[in-house]
Amino acid sequence: MDFVETMKLSLHTQIIFLFSVVFSSSVFSAGDALIGQITRSDLENSAHKIWFNPNYESHVVDIETTKKAEAFLADVSITIFMGTWCHDSQREVPALLKILDQIPFNQDQLKIIGLSMTKDTPKKLEQGFDIRRTPTFVFSRNGKEIGRYVERPRVSLEQDLLKIVSGSGYRHTYAE
């Protein structure tokens, strides 16, 4: 075998090795996803704390806007549809939970659903919600959806939250 053939073989081996490392990493991440109904504790105390806790700590809450929203949140329930694999969920979910921690929000009115990369769950918890992007925060009053926050803010999470719960005609980024 001459030098050129050795280099081709070496490059081929390196490409296969690189592909296997990248492929195995993505499989591991997908296998680490939390799917189904999950708790805040699942995010804070699992492998996901590596992104959850720093993103929670780094979010600076707009207290003034949050206090305005508080008046409208007493009878609101929130269902969070998220992917622990999704960078937008990793940013927005800790931020929302930190906002809710600043006011007396009834945590029994909060449900967190972890979705697969195909945005579903084994028990079909997403059924009837038309989830297309993550995260999606569905706000309901008396069992009826009053609005949703999808993927990223139009202005800020706090201001978008206020518009949704106050009935001020909020339309999320992807609303048609």
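Nothing in this text is a laboratory measurement; each read-out follows from the coordinates by a stated rule. The structure presented is a predicted model; accordingly, all values stated were derived computationally and were not measured. Cβ coordinates were reconstructed from backbone atoms using ideal geometry, including for glycine residues, and neighbour counts include every protein chain displayed.
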Inset, instruction - Note down the relative contact order for segment 38-176 as a percent, whole number, built from C-alpha pairs under 8 angstrom at least six residues apart. - result: 28
Inset, instruction - With a/c under 1.5 counting as rounded, go ahead and sort segment 36-166 into rounded, prolate or oblate using the C-alpha gyration tensor (a ≥ b ≥ c being the square roots of the eigenvalues; past the cut-off, prolate if a/b is larger than b/c, else oblate). - result: oblate
Legend entry - ³J(HN,Hα), Karplus 6.51/-1.76/1.60, whole Hz, each residue of segment 127-141, x for Gly, Pro: 4, x, 9, 6, 7, 10, 9, 10, x, 10, 9, 9, 9, 10, 10
Legend entry - HN-Hα J in Hz across segment 70-87 - Karplus 6.51, -1.76, 1.60, θ = phi - 60°, x for Gly and Pro: 3, 4, 9, 8, 4, 10, 9, 10, 10, 10, 9, 10, 9, x, 5, 8, 9, 5
Inset, instruction - Using 0.36 nm per residue of separation minus the Cα-Cα distance, give me the extension gain between residue 67 and residue 118 in nm, one decimal. - result: 14.8 nm
Inset, instruction - Read phi for every residue in segment 156-168 and hand back ³J(HN,Hα) as whole Hz from Karplus 6.51 cos²θ - 1.76 cosθ + 1.60, θ = phi - 60°, with x for Gly and Pro. - result: 8, 4, 5, 5, 5, 4, 4, 4, 5, 6, 8, x, 8
Legend entry - Which of 55, 142, 125, positive extreme of dipole for segment 36-166 (C-beta unit charges): 125
Inset, instruction - Pull up all non-local amide H partners of residue 154: gap of 5 or more, or a different chain, and H-to-H distance under 5 Å with H placed in the peptide plane. - result: none
